[in-house]
Amino acid sequence: MIPKRKLGKTGVEVSCIGLGGEGVLRTFDREREAQAIIARALELGVNYMESARAYSGSESYYGLSLRERRKEIFFASKAHERSAEGA
């Protein structure tokens, strides 16, 4: 299992290694491969995952893969905009 650390002042324990939304996750029409990557990360104990609207299909892949397990994951999402309204 991957070691965990507290995330800032949140008190939430997250894996030292996270799964980013780049690579295969930044595609479309590769659900099988993307779901296999996400499933393997979960098996290894990864509970910190991230995406961004700019990462093409990654949000959709995560949605399909994390349905019942969403509450186990600390999920971060990024925006290009730097204002509350833009994000």
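What to note about this one:
- Among residues of the stretch 1-28 being surrounded by 14 or more Cβ atoms within 10 Å (Cβ to Cβ), touching a strand residue (DSSP E or B) at 6+ places or on another chain (Cβ under 7 Å) and β-branched (Val, Ile, Thr), the one that is nearest to residue 72 (Cα to Cα) is 14.
- So residue 41, is it farther than 20 Å from residue 71 by Cβ and modelled with pLDDT of 95 or more: no
- Residue within the stretch 23-35 that is in contact (Cβ under 8 Å) with a residue 40 or more places away in the chain and out of contact with any Asp or Glu (no Cβ under 7 Å at 6 or more places or on another chain) present: no
- Complete set of residues in the stretch 9-41 that are in contact with a Pro (Cβ under 9 Å, 6 or more places away or on another chain) and not hydroxyl-bearing (Ser, Thr, Tyr): 16, 17
- When each of 54, 36, 76 is tested for being modelled with pLDDT of 90 or more, within 20 Å of residue 87 (Cα to Cα) and not aromatic (Phe, Trp, Tyr), the lone residue that passes is 76.
- Residue count, the stretch 52-71 (criterion: more than 13 Å from residue 39 (Cα to Cα) and not aromatic (Phe, Trp, Tyr)): 9
The values are calculated or read from the model by the stated rules, or taken from the named source; none is laboratory data. Values in this document were obtained by computation on a predicted structure and should not be read as measured data. FYI the Cβ positions are ideal-geometry reconstructions off the backbone, even for glycines, and counts take in every protein chain you see.
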